[in-house]
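Structure record follows, encoded as C-alpha cells.
Coordinate-derived values only; no laboratory data. None of the values given here were measured: they were computed from a predicted structure. FYI the Cβ positions are ideal-geometry reconstructions off the backbone, even for glycines, and counts take in every protein chain you see.
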Amino acid sequence: MNYILHIIVMIFIYGILALSLNLLIGYGGLISVCHAAFYGIGAYTTTLLMMNFNMNFFLALIVGVLLTSAMSLFIAYPSLRLKGDYFFLASLGFQIIIFAILYNWVNLTKGPYGIPGIPRPHVFGLALESEFFFFLFCGVIFYLIFLISKVLYNSPFGRVLKAIREDEIAAEALGKDVPAIKIWAFAISAGIAAIAGAMYAVYVSYIDPTSFTLDESIFILSIVLIGGSGNLKGPLIGVVFMIVLPEILRFLRIPDTVAPNVRQIIYGLALIILMKYRVQGILGDYSFE
Amino acid sequence: MILQFLANGLIAGAIFSLMGLGIGLVYNTTKVLHIAYASIFVSGAYALYFFLKVLHFSLFFSIVLAILIAMILNILIEVFVYKPCYLKKTSSAIPLISSIGTYVVLTNLIALIFGNETKIVTSGIEKSFQFGSVILTRIQIIQFAAFLLLFTLYLILLKRTKFGKLIRAFANNPELLSMCGVEVLNLRILIFGLSGIFAGVASCLVALDIGIDPYAGMSILLVALVSLIVGGVGIFESAVFGGFLIGIIQNLVVWKISARWQDCITFLILIFFLLFRPQGILGIKKRMEEL
Amino acid sequence: MEITVLNKMKTDTLILSGISRSFGGLKAVDDVSVEFPPGRITGLIGPNGAGKTTLFNIISGFIKPDKGEIWWQGEKLLKYPPWTIAMKGIGRLFQDVRVFKKITAIENVLLGKSNPGECPVNLLFNHKNVIAQYREDIEKAREWLAFVGLKEKENVLAENLSYGQQKLLAIARLLMADSKVLLLDEPTAGINPSLIKDLILMIKKIAESGRTVIFIEHNMNIVLEIAHWVYFLNEGRIVAFGRPEDVLGNQEVRLTYLGL
C-alpha cells in the first residue's frame, strides 16, 4: 500500500514539474534542459531556510518560489536573444552552472554530502509523518497547481502564450509585448518547479545535488515531449507513462539492478519513435514544425 | 609550476579539440546538434575495452576496430535518425530531440552490457618523462601527437582535396550543392564517418589514459560544444582554437582556484560567448534579417 | 517630392521622411517620403519586389531603415519595438494572413486588443477587472465576427477555416484592435467577389470614421474604386503619385506595371 502511495506521490511531484515545463516548450522551437536546476534551487532554498532558520515550511516555500523565479531571469534573458540550438546550449550551460554551485559551494549546500533530516511540514498543527497524510497533502498541492495551470491556460495570458508560440511576429503586430511575456513564462515555470522541489525535499527528507542533474532535466523534458505539450492532458499522460511504465517492468521480473537502464532505454526509444511518427507526443497540441 | 598546468591544459585541449572538430564538422555542414556524439565516444572506448580486455586482441587491432565501430555507429545514426529529418525538412528541434533520445538509448545499452562502473583499459603505471619542470606521461604525449597527426591530415583534407571542397561548400550553401547534382546524402555519410573517426581516436586515447564509464561521453561532449562555440561556428578548424583555450583555462582554474570549479567557469564562458560573441573568436558576425 | 506637413504637432497624419533601406547591395526602399492623413485611403501599387511590403515592415517596426524617420502623433516611431507601435494605433494585415491556427476564431479576434489579463500580476490581484473586461471584449469580438460574416464559425479552430475565411478573420482581428492606421497588405486577394463588395464598403466606412487606410493591391479595379490617393513604387522609389485615375493613366506607369 505504501508502495502505491509512493508511486502516486512521485506522479504528483513530476506532474507539477511537467505542468511547469509545459509553459516553456515551443516558443520559437525552444527546448530547455535546465528544469532540474529550477527544481533543485527550489528544493535547496526551502530546505536551507527550514533547517538553518527554523522557518515554517510554507514561508520557506514562498521564499523558494520567489528566489527561483528571480533566478530564472538568467536564462529568460538569453531566450530573448538566442534562437533554437543556441538557446539549447545556453540552457545546458545554466543547468551545469547551477549544478556546479549546488555541488561545490559546500559551505552553503553541504555539496555532495547532502542535507539529511528534512522535517515534514506541519499543517494545522499536524506533522505529516504518516505516509497517508503526506500523500493527501501532496494531492492537495498538486490539485491546486493543476487548477492554477488551468486558469492560466484559459486566461488572456494563456491565450497570448499560445499565440506567441505559433507566430511571434503576428503577436507583436497585435501589440503583444513578447519579451515581457516570455520572461513571465519563465518566472512562473521556474516558480512552480520550485514548489515541486520543496515537496520532494520534505518527502524524501534528504537531498543532495545528484537529484538535480542534467539527466534529470532530460527526464523532465522527455515527460513533456512524450506526453505532449501545449495543453494540460499531454504533460500528465507523459508523467503516467514515465512513472508507471517502469513499475510495470517490475512485474515482468526485470531485476532491479538492470531496471533503471531498461527504463531509460524505453523512454529514449519513445522519444525517437514519437519524433518520427507523432511529433505532438501522445496527447499534445503543439508540434515542432 | 605554471608550465606544468599549461602543459596539462594543452594535453586536455588536444582531446577537446578532437571532439570539437568532430562535432563541429557535423554541425557546420548538416546543422544538426549531434548530442548522440557523446555515446559514440563511449562506444569507441567500450569497443576498445571489449576487444582488448575481453577478446584479448592486440592493442593495435583493438584500436583499429574501436575506431571502426565509432565510425560505423555514427553513420548508422545519420542514416536512421537524421536523414529522415533532412528529407522531411523538419525544424532543427526534431533531430535534436531524436539525438537526445539516441544518446539515452545508447548510453544505457552500454551500461546494461558493461555495467555502470569505470572500466580500466590499461594495467600498470604509465611511464613518465621529464621535460624541464614539466612531467608528462607516455599516454599524454601520445594523445598530443595523435591530435597533431589527425589535425594535420584533416587540414590537408579540407584544403587540398575535392572532398574538402565539397564539405566547405556544403557548410556555406547546401541548396546549391544539391542543385549541382551532388549526392548530398552520400556526402553526409562521409561526413559522419569522418566525425566518427575523430570520436573513435579521442575515445581510445582517453580510455587508455584514465579508463571509461558510460557517462564520460556527455562530460566531454559538453566541453567540445563549448570549444566549438568559443572557437567559432562555421569555421572547421576553429574548434581547435576553442579546445586549447578551454583546456588551458580549465587547468588555470585548477591551479589558481580549485578543480571543483572547472565546469562552472567553462560554462560561464559559454554563456558569455553565446550572448555577447555568438560567432566565437574566429567567426564572422552574420547579419540577421528580420521576417 | 516635398513633405507638406513637417510639423511635429500631435497630428494623426502618418509621415514618412526619407526612408531608405538596402539588403546587401539591393536598395529595397529608396528615399521614400510620404504622408498619410486621417480619413484618406491610400493605395500602394507597383510590381512585385518594388518594396511595398518592406515599407509596411518598416512602418510596423519589424525592420529598421538605414535612413529616414517616421512621425506619428508628434513622436518619432523608429525607436519603438513593433508591439509599442501597434499599441500606438498602427495595425497590420499581413499578406500571408497569419491567423493563429491552433486556436478558435473568436480567440483570434480577442487577441486583437489587449486585455489586462495578459499580465499575470493582474490575473492574481485584479481578476474582477479582468473578467469584466473579458465580458466586454467577447461581445465586441462577436460583433466583429458577425460583421465579416463568420458568426457561426466562432468556435472553429482557425486552421479549419478556408483561406478566404482566415483572411476575413484577420480583418476582424484588426478591427478589434481599433487601430487608427490600418496597413492592409493585399486585403482582397483570395476573397470571393461577393465578399469583396462588403469588404470595400467596410474599408470606406473605416476611412470615413477618421482613420487612415493604406493598402497594397494588385487589383486595379479595386484601387480605382476606393483609393483617394495612390503611390506607385518601382524598385523602391516613388515614381508617381496622385489620384488613382491620374496615376493609372500615367505613361511610365502603364509601361512598367501594366505592360501597356
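Worth a mention:
- Projected label distance in nm at C:Glu245 and B:Ile2, using a 7 Å step from Cα toward the beta-carbon: 8.6
- Evaluated at q = 0.18 Å⁻¹: base-10 log I(q)/I(0), Debye formula over Cα of the stretch C:84-192: -0.88
- Taking a ≥ b ≥ c as the square roots of the eigenvalues of the Cα gyration tensor, an a/c ratio of 1.5 or more together with a/b no larger than b/c marks the stretch B:213-269 as oblate.
- Cα Rg, Dmax (largest Cα-Cα span) when computed across the stretch A:2-213, Å: 17.6, 55
- Per residue, the convex hull around the alpha carbon atoms of the stretch A:95-219 comes to 150 Å³.
- Computed over the stretch B:113-232, the range of Cα coordinates on each principal axis works out to 56, 41, 24 Å, biggest value leading.
- Taken over the stretch B:13-225, the convex hull of the Cα atoms encloses 126 Å³ per residue.
- The protein assembly as shown: equivalent-ellipsoid semi-axes (sqrt of 5 x gyration tensor eigenvalues, Cα, Å): 53, 36, 24
- Computed from the alpha carbon atoms alone, the convex hull of the stretch A:7-50 holds 80 Å³ per residue.
- Contact order relative to length of the stretch B:13-225, as percent, for alpha carbon pairs under 8 angstrom and 6 or more apart: 46
- Using Cβ point charges alone (K and R +1, D and E -1), the dipole size of the protein assembly as shown about the Cα centre works out to roughly 660 debye.
- Förster radius 60 Å - calculated FRET efficiency between C:Ile200 and B:Lys31 (Cβ-Cβ, nearest 0.05): 0.80
- In this rough spin-label picture, where each label sits 7 Å from Cα along the Cβ direction, the B:Ser133-B:Arg168 distance is 4.2 nm.
- The calculated FRET efficiency for B:Phe272 paired with C:Arg40, based on their beta-carbon distance and R0 = 51 Å, is about 0.50.
- Its Cα gyration tensor gives the stretch C:1-115 an equivalent ellipsoid; the semi-axes, largest first and in whole Å, are 25, 19, 13.
- Taking the charge dipole of chain C about its Cα centre, with +1 at Lys and Arg Cβ atoms and -1 at Asp and Glu Cβ atoms, the residue from C:Ile216, C:Leu16, C:Gly249 reaching farthest to the positive side is C:Leu16.
- Estimated from the Cβ-Cβ distance and a Förster radius of 45 angstrom, the FRET efficiency linking B:Phe60 and B:Ala259 is about 0.85.
- When +1 charges are put on Lys and Arg Cβ atoms and -1 charges on Asp and Glu Cβ atoms, the dipole computed for chain B relative to its Cα centre reaches about 540 debye.
- Label separation (A:Met1 vs A:Asn154): 3.6 nm, computed from points 7 Å beyond Cα along the C-beta direction.
- Which listed pairs, of C:Lys113/C:Lys204; B:Lys88/C:Lys153; A:Lys162/B:Lys88, have C-alpha distances above 29 Å, in listed order: B:Lys88/C:Lys153
- Note on the stretch B:164-213: Cα-Cα pairs beyond 15 Å make up 55% of the total pair count.
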